[in-house]
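Read-outs: derived from the displayed coordinates by stated rules, not from any lab. All of these numbers come straight from a predicted model, not from anything done at the bench. For neighbour counting, all protein chains shown are included, and Cβ atoms are generated from backbone atoms with ideal geometry for every residue, glycine included.
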């Protein structure tokens, strides 16, 4: 009896995807719930699991675009599982317990296509990565954790010193360029960014915030916060709370255009831009007005891990009313963020730099950050945008305002 392996439905708006990698070979024996393949769509990357055990026969190749519901493989359930050799069994039972041996070296045929692809893209040798899979095998998750993006502290605003890159190999004669197909996710990101600029009357206004109070607050209560909640108090949760407070003060930004109507939102689901090896994703933290700082931090960490492991779902990315993006973790000093349609506003955070500023007639060195808010001028007036950014600035420079909601 053969069971068909079909591309599952992943959401109403998703009609097809590309097989990014097969984790098994044609003719392999697979176990039930074993990961068979990775499917990339214009929104997410998902993994396909085996519903039954048996010998698999592949009907589609890596790189093929397949429709939802298409049969991409079959599994012969009647095939018996491979038996261990008698010699191997005897050896295992007769040997005395030995000291723990180091994980076996990764052989090229033991590396999955997903691991090989990440190794090529990120220039990481799998042999240098500690494997957590069976017999010390390096998994996709191990490789993602080893990427430079995942090693960067999520809340660090100052750019880290660049590691010395290995010398690039000279391109062979006649091969000065290379081509690869754009992934559905990258293509969709490009499409949405261009559409946002074409469809909205986008404008950006700027301000700067003195981060002294926020940094002092974190330093004073960090240990107690971690002890109680199990997570660090980062900048992002404080910015989320400041944004929620400002949206309540300036509700015009918490709205969007739908045809000839203005839809006013009365909830506070905030999107947090997360950089992954596959591209930018914006998971949404729900009901931020009702969450504590610890609750927001936990939600952000959970989403960041899911995004890097390719486990973000469609529901995680939909329904946000406002977006926050932090280019500061990469060293950005100033930028004009692009709207995440159909939202009417997006806040850009940037790197913290110590700069001389005038305080009560005296020049002092303070940790300063430039803030940028891009907004849809069709629905948001300049006065509202400036007032919104001032409210964010005030809340961060005097965090007591967040508690009092003033």
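Summary of the geometry: segment 329-350 and segment 249-326, compared by the centres of their Cα atoms, lie 13 Å apart. Extension gain, residue 362 to residue 330, is 8.3 nm, computed as 0.36 nm per intervening residue step minus the present C-alpha separation. In this label model, residue 219 and residue 123 are separated by 3.7 nm, measuring between points 7 Å along each Cα→Cβ vector.
Ranked for footprinting exposure by Cβ neighbours inside 10 Å, fewest first, 375, 303 give 303, 375. With a simple spin-label model that places each label point 7 Å from the Cα along the Cα-to-Cβ direction, the separation between residue 61 and residue 203 comes to 5.4 nm.
How high is the relative contact order of segment 185-404? Use alpha-carbon pairs under 8 Å, at least six apart in sequence, and give a whole percent. Provide the component values of the computation, followed by the final result.
On the way: 405 pairs, mean separation 67.5, N = 220.
Computed value for segment 185-404: 31 percent relative contact order.
Residue order for 128, 351, 336, 41, fewest other beta carbons within 10 angstrom first, comes to 128, 336, 351, 41.
Computed from the alpha carbon positions, the gyration tensor of segment 185-404 leads to an equivalent ellipsoid with semi-axes of 27, 22, 17 Å, biggest first.
Cα convex hull, segment 189-317: 150 Å³ per residue, rounded to a whole number.
Taking the Cβ of each residue in 215, 202, 1, 143 as the centre, tally the other Cβ atoms inside 10 Å and list the residues starting with the fewest. Provide the component values of the computation, followed by the final result.
On the way: 215 15, 202 19, 1 8, 143 25.
Ordered by Cβ neighbours within 10 Å, fewest first: 1, 215, 202, 143.
Once the Cβ-Cβ distance of residue 181 and residue 51 is raised to the sixth power relative to R0 = 35 Å, the FRET efficiency obtained is 0.75. Applying 0.36 nm per residue to the separation of residue 390 and residue 212 and subtracting their alpha-carbon distance, the gain on full extension is 62.4 nm.
Note down, for segment 304-406, the three equivalent ellipsoid semi-axes (square root of 5 times each alpha carbon gyration tensor eigenvalue), biggest first, whole angstrom. Walk me through the numbers on the way to the answer.
Values: eigenvalues 159, 73, 42 Å².
They are 28, 19, 14 Å, listed from largest to smallest.
Given a Förster radius of 41 Å and the C-beta distance between residue 264 and residue 226 as r, what FRET efficiency does 1/(1 + (r/R0)^6) yield to the nearest 0.05?
Values: r = 38 Å, r/R0 = 0.94.
E(calc), rounded to 0.05, equals 0.60.
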